[in-house]
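Student: Following this message is one structure expressed as structure tokens.
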Amino acid sequence: VWASKWGDRAAYSRNAAKVPHDALQMAVLVQRVVPAEYSFVVHTTNPVSGSKDEIMGEVVVGLGEALVGNYPGRALGFVVNKETGDVTITQLPSKNMGIFLNEDTLIFRSDSNGEDLEGFAGAGLYESIMASKAEERPIDYSNEALFWDDGMRQAMVKKIAEAAGAIEKIMGSAQDVEGCIVGDDVHVVQTRPQV
């Protein structure tokens, strides 16, 4: 994790923000990996329209690496009106691979003063490493509730939007929230100010 300080994107971001390399202070966080059935990324201000009245997000089957790692295909896309709670599904999922845990494991993640530089999204600047390898498996959408069950999909999206709205209120600004669903529970993995 510490060696990722010298990755291209991290070094470029620090140079552009005029942060000297020797000024970077990094710690390694150790977290339990939640065995996600579904994972999401949510922006509490719609980054496409700029509307502060809308939450925009994406959901994938399995762990979030399939989403944030830019695996081929589309995630379930949605927009939620903050006032009415109305959900609009903007795209159905088509990612052909999901990432799943075979056993409980830990992830080692960076936390540094170089994560959230002014004008730069901090996600992906520094490495995260899992103690046990997750498994890639094909997703069979013919049996996947996220694709076929509109009631389940609407309920899940509303629950995600409620959690994101509460986080935005607590933090006092628009947030970029990552999390996952296990059963009926929403697990927030991280949040940062939305850039």
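The values are calculated or read from the model by the stated rules, or taken from the named source; none is laboratory data. The shown structure was predicted, so the numbers you read here are calculated from the model rather than taken from an experiment. All Cβ positions, even for glycine, are placed from backbone atoms using ideal geometry, and neighbour counts span all protein chains on display. Accessible surface is based on the protein model in full, side chains and every heavy atom, while ligands, DNA and RNA are left aside. Shrake-Rupley method; radii C 1.70, N 1.55, O 1.52, S 1.80 Å.
Student: If you go through the stretch 62-102 one residue at a time, how many are within 20 Å of Glu162 (Cα to Cα) and either touching a residue at least 60 places away in the same chain (Cβ under 8 Å) or assigned to a strand (DSSP E or B) (or both)?
Tutor: Total meeting the criteria: 13.
Student: Then there's this: May I ask you to verify whether Gly165 is farther than 23 Å from Arg32 by Cβ and buried (at least 17 other Cβ atoms within 10 Å of the Cβ)?
Tutor: Here the answer is yes, as Gly165 does meet what is asked.
Student: Follow-up question, since we're still on this one. Out of the stretch 47-61, which residues are within 12 Å of Asp176 (Cβ to Cβ) and assigned to a loop (DSSP other than H, G, I, E, B)?
Tutor: Pro47
Student: For the stretch 27-44, enumerate the residues that are open to solvent by 60 Å² or more (accessible area, probe 1.4 Å) and part of a loop (DSSP other than H, G, I, E, B).
Tutor: The one that is open to solvent by 60 Å² or more (accessible area, probe 1.4 Å) and part of a loop (DSSP other than H, G, I, E, B): Glu37.
Student: Okay, moving on. Out of all the residues in the stretch 95-132, which are closer than 24 Å to Glu58 by Cβ, at pLDDT 85 or above and open to solvent by 80 Å² or more (accessible area, probe 1.4 Å)?
Tutor: Asn96
Student: Do you know which residues across the stretch 23-70 are in contact with a helix residue (DSSP H, G or I) (Cβ under 9 Å, 6 or more places away or on another chain) and either modelled with pLDDT under 90 or among the aliphatic types (A, V, I, L, M) (or both)?
Tutor: Residues satisfying the conditions are Ala23, Leu24, Met26, Val28, Val41, Val42, Ile55, Val59, Val60, Val61.
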